[in-house]
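Here the structure is laid out as structure tokens; the discussion comes afterwards.
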Amino acid sequence: GFSKTLLVIGGIILLVGACAAVYFVIQKNKEANAPIPNITSANIETIISYDTQSFVDVTQVTNSGDFVKLLKPEIEKAGKLDSIKSIFLTTSSSGKQELLKLGDFNSLLGVTAPSSLVRSLSGQYMVGTYTPNTIDENSRPHLFLLFQVTDYNLVYAGMLEWEKTIMNNMYDIFNIDISNNILEAPFKDTIVNNKDARIVYNNVGSDVLYYIFIDKNNLLITDDQNTINKITSRLLLKNAKPL
């Protein structure tokens, strides 16, 4: 009787094992064929609040020219007047859809910033556009890049160093006309909202590109003063502590 019991127990164990194996294979197939989880329906937290959002999948992009070509239509799409749109860059290269990490963003854009600067950014960044509240030839949307800073002094020193090549990195995405030696134009000091900023002017004295520390934790790169004002006020709102 004892060996019979052993046989029965052995049979049960084999059966359970076979069922587990079948279940495992079915689950694996399900996972393999499961749709990539979609983050585009989520309300994603960003450095400042935004009015609308859009998503650009950059999985297939390998160089800065293609990257900018893919982004430009989204940058040029005007939103409601006086509104901010957040452009979320997504990639599915890991097998699931996720937001593009700052390091990968910098690589795709071909950023030549000093490594001390790059290491002193938190990884939290925002790509977006501001559509001004007036209708005229300047009311096109303005691109902005907003970065969170972990070490203000290192980033400040790094930005002064990056000034030598930043225009090479940014002219395409900001649609800057480079026919008048703008790539060699120096950055100059200016004041926006009572804060020190650095600016490049073109040969007729129009502003072409700014960077400004809105506070010690936030670095903004954009091409328009109204955009700086808007982002500054959004940041103040975000940081205001409720009573």
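The values are calculated or read from the model by the stated rules, or taken from the named source; none is laboratory data. Please read these numbers as outputs of a predicted model, since none were measured by experiment. We place every Cβ from the backbone using ideal geometry, glycine too, and count neighbours over all the protein chains shown. Quick note on the areas: whole protein, heavy atoms, side chains included, nothing else; ligands and nucleic acids left out. Shrake-Rupley method; radii C 1.70, N 1.55, O 1.52, S 1.80 Å.
For the stretch 222-238, the tally of residues that are within 18 Å of the chain's Cα centre (by Cα), surrounded by fewer than 22 Cβ atoms within 10 Å (Cβ to Cβ) and under 14 Å from residue 139 (Cα atoms) stands at 1. Restricting the stretch 136-192 to residues that are hydroxyl-bearing (Ser, Thr, Tyr) and at pLDDT 95 or above, the residue that is farthest from residue 233 (Cα to Cα) is 165.
Is it the case that residue 28 is surrounded by fewer than 16 Cβ atoms within 10 Å (Cβ to Cβ), outside any strand (DSSP E or B) and at pLDDT 95 or above?
On the way: surrounded by fewer than 16 Cβ atoms within 10 Å (Cβ to Cβ): yes; outside any strand (DSSP E or B): yes; at pLDDT 95 or above: no.
In short, no.
Among the residues of the stretch 172-199, write down those that are among the small types (Gly, Ala, Ser) and within 19 Å of residue 65 (Cβ to Cβ).
So the first thing to find is which residues in the stretch 172-199 are among the small types (Gly, Ala, Ser), and the list is 179, 185, 197.
Listed by number, the list holds a single entry, 179.
When residue 171 is tested against (1) open to solvent by less than 40 Å² (accessible area, probe 1.4 Å); (2) under 14 Å from residue 223 (Cα atoms), just one condition goes unmet, and that condition is (1). Here residue 132 clears all of (1) surrounded by 20 or more Cβ atoms within 10 Å (Cβ to Cβ); (2) in contact with a His (Cβ under 9 Å, 6 or more places away or on another chain) except the condition numbered (1). Taking the criterion of being at pLDDT below 95 and out of contact with any Asp or Glu (no Cβ under 8 Å at 6 or more places or on another chain), the residues of the stretch 193-213 that qualify are 193, 194, 195, 203, 204, 205, 206. Going through 52, 91, 59 one at a time, which residue ends up being open to solvent by less than 30 Å² (accessible area, probe 1.4 Å) and either touching a strand residue (DSSP E or B) at 6+ places or on another chain (Cβ under 9 Å) or of a type in the set (Asp, Glu) (or both)? None of the others qualify; the one that does is 91. Here the condition is being at pLDDT 95 or above and over 12 Å from the mean Cα position of the chain (by Cα); of 75, 87, it holds for 75 alone.
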